[in-house]
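Notes to accompany the following structure.
Read the figures in this text as sums done on the coordinates, not as results from a lab. These numbers come from a predicted model, not from an experiment. As a convention, Cβ positions derive from the backbone with ideal geometry for all residues, glycine included, and neighbour counts pool all protein chains shown.
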Ligand SMILES: [Zn+2]
């Protein structure tokens, strides 16, 4: 049994950490389902009620499927959640993302007034496989008038396994932002 008063190594109450990991596992499993479709994607986002933990919406990256460069998982999750609730504010909700939100998605999370954003893999992890914009989500949040706690990485290795899955590695080769076969340190100078 968990002692709610116990704290984890990160200083977060153990129960809160277990809940974060449970939700991250859920969105990883949901995201991995795309590997069974013609449009595999390693990016997934889940929005839950911050207090009750009740799930509001889940979404995956649909850039290729929708031919829309802005169809990132986090952006789609916010869009779908706002439509579902018929309001523009998602105050009172927390978003879990398999990867650290890019500046576009983190900005959108701030405009949406989300309470918290919890991420798995980092932008640097994703950048081993696809192009990224190198501004940390915590920095975007820190420069905003809107308050949103950004926490991560959570279950980084598990989330990173979405990127290294053979189905995903094959799919990256067809992505316009893909970096097939390139690993950190493998980039040749001048290229
Ligand atoms: Zn994004």
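Things to note:
- Ranked by how many other Cβ atoms sit within 10 Å of their own Cβ, fewest first, the residues 29, 21 fall in the order 29, 21.
- Calculated mean residue ellipticity at 222 nm for the chain: -10500 deg cm²/dmol, from DSSP H runs with n ≥ 4 weighted as -39500 (n - 2.57), summed, divided by the residue count and rounded to 500.
- Here the Gaussian network model covers the chain, with springs between Cα atoms less than 10 Å apart; of 12, 147, 84, 12 fluctuates the most.
- Shape category assigned to the range 81-140 from the gyration tensor of Cα positions, a/c cut at 1.5: prolate
- Where Rh is the Kirkwood radius over Cα pairs, Rg/Rh for the chain: 0.97
- Most fluctuating residue given options 40, 69, 13, as computed from a GNM of the chain linking Cα atoms under 10 Å: 13
- DSSP bridge analysis restricted to the chain gives an antiparallel fraction near 60%, rounded to the nearest 5.
- Three-way shape call for the range 120-161 based on the alpha-carbon gyration tensor, with the a/c threshold at 1.5: oblate
- Most mobile listed residue (115, 160, 145) in the chain, GNM with C-alpha springs under 10 Å: 145
- Seen through its C-alpha gyration tensor, with square-root eigenvalues sorted a ≥ b ≥ c, the range 44-150 comes out oblate because a/c lies at 1.5 or above while a/b is not bigger than b/c.
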